[in-house]
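Engineer: Can you keep this structure in mind? I'll have questions shortly.
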Amino acid sequence: MAAEFALEEVDPPCKSEDEVIERCRAADVLLVQWAPITRRVLEALPKLRGVVRYGIGVDNIDILAAKELGRMVANVPSYCQEEVSDHALAMMISLARRIPHDHNQIARGGWGIQPFLPIRAFADLTLGLIGFGSIARKVSEKARPFRFRQIAFDPFLPPPSFANHDVEQVPLDIVLRSSDIISLHCPLNAENKHLINAKSLAQMKPGVILINTARGALINEADLVVALKGGKLAGAGLDVFEKEPLPLDSPLRHLPNVILTSHAASVSERAKEMLQIKAAEACRDILVGKRPEGALV
């Protein structure tokens, strides 16, 4: 006979530690998207056996505390790999061809590509990937027909991980200094918050394009705005931001050389269905004492 479990949806969703503690005291497993699952939360929920992240990133969950307290944590690592890689590639191709630049000037009554030159052939550009996990590898695979030279930095992967995908493994400073397009694909942690800042932007080539479909806080947005306005960057494609929704007064909303999307890179009907199934299976596995497919601790 199949096991039966009670499911309770917390509506509206919890947004603070106090809300999680107050409203989830009876939970054996938490299925969370953005709620903060801190050490304080974990210690305050004595019945809790585990936490499942409804997605990939787990920067809202204190993994170390969960491990110390014997609570399992899992995500859905296969979620939206195709969608996010498609989104990142669409942004970089559009910006490299200066499509949003030209569109925005035409919408304001202008005409002519001269203000946006030089526009270089894709075969003459270097694509640099920061992080070379599953999504970055798909970006690399999909970018190959465009003939970019490809380099990547990821301190956690051995050399064969790069060689097997015909991508050159290089240090971070080489990615920053050598790339014409830089695409971020690393998780957010305490060490790489504001990885892209005034100092790292200064190392980049003039006219570089920056893509972020990972986590907003990887970029210091104030420094990015200065670089975009000053012409250091030719453009930026941003799906994630330091604060979401993007504040109404953000200068990013008014720059003609950016593409902004509403943390939507993961979206497709196929991905949504898969996420729902895999997340539910992970919750079930924790409840029956089985290690989930996406177990992290």
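Engineer: With r defined as the distance between the Cβ atoms of Leu287 and Lys15 and R0 fixed at 22 Å, what FRET efficiency is calculated, to the nearest 0.05?
Structural biologist: Numbers: r = 25 Å, r/R0 = 1.16.
Efficiency for this residue pair is about 0.30.
Engineer: Could you calculate the FRET efficiency of Lys67 with His194 from 1/(1 + (r/R0)^6), where r is the beta carbon distance between them and R0 is 30 Å, rounded to 0.05? Don't jump to the answer; show the numbers that get you there.
Structural biologist: On the way: r = 26 Å, r/R0 = 0.88.
Step by step, r from the Cβ atoms, then E = 0.70.
Engineer: Restricting things to alpha carbons, find the Rg to Rh ratio for the range 186-274 using the Kirkwood radius for Rh.
Structural biologist: On the way: Rg = 13.6 Å, Rh = 13.7 Å.
Rounded to two decimals, Rg/Rh equals 0.99.
Engineer: Still on this model: With Cβ to Cβ distances under 14 Å as the rule, what net charge do the other residues near Thr261 carry (K, R +1; D, E -1)? Don't skip to the answer; put the middle values down first.
Structural biologist: Working: positive: Arg253; negative: Glu83, Asp86, Asp239, Glu244.
Counting the neighbours of Thr261, the net charge comes to -3.
Engineer: Under 18 Å from a point placed 7 Å out from the Cα of Arg49 along the Cα-to-Cβ direction: which residues of the range 261-291 have their backbone N that close?
Structural biologist: Once the point is set 7 Å along Cα→Cβ of Arg49, 278-291 turn out to lie under 18 Å by backbone N, inside the range 261-291.
Engineer: Could you list, bin by bin from short to long, the percent of Cα-Cα pairs of the range 81-260 in 10 Å steps?
Structural biologist: Spelled out bin by bin, the range 81-260 gives 10, 40, 37, 12, 2, 0 percent.
Engineer: Ok, one more. Please compute the length gained on full extension between Arg40 and Arg270, using 0.36 nm multiplied by the number of residues separating them and subtracting their Cα-Cα distance.
Structural biologist: Numbers: separation 230, 0.36 × 230 = 82.80 nm, distance 3.57 nm.
Residue separation times 0.36 nm, minus the Cα-Cα distance, leaves 79.2 nm.
Engineer: What would the Debye formula give as log10 I(q)/I(0) at q = 0.22 Å⁻¹ for the alpha-carbon point model of the range 1-90, no solvent?
Structural biologist: Those come out to -1.07, one per q.
Engineer: Within the chain, what is the longest stretch that has no trypsin sites (Lys or Arg not before Pro) placed in a DSSP loop and near at most 10 other beta-carbon atoms within 10 Å?
Structural biologist: Working: sites that count: Lys47, Arg108, Lys243.
Answer - 109-242.
Engineer: Say R0 is 35 Å: what FRET efficiency, to the nearest 0.05, do Ala26 and Ser78 get from their beta-carbon distance?
Structural biologist: Values: r = 30 Å, r/R0 = 0.87.
Efficiency at R0 = 35 Å is approximately 0.70.
Engineer: Pick from His254, His87, His185: which residue has the top mean-square fluctuation in a GNM of the chain where Cα pairs under 10 Å get a spring?
Structural biologist: His254
Engineer: Moving to a separate point now. Considering Cα pairs under 8 angstrom that are at least six residues apart, work out the relative contact order of the chain and quote it in whole percent.
Structural biologist: Numbers: 516 pairs, mean separation 58.0, N = 297.
That works out to 20 percent.
Just so you know, all these numbers are worked out from the coordinates, no wet-lab data involved. In this text the structure is predicted, and so the values were computed from the model without any measurement. Cβ: placed from backbone, ideal geometry, glycine included. Neighbour counts: every protein chain shown.
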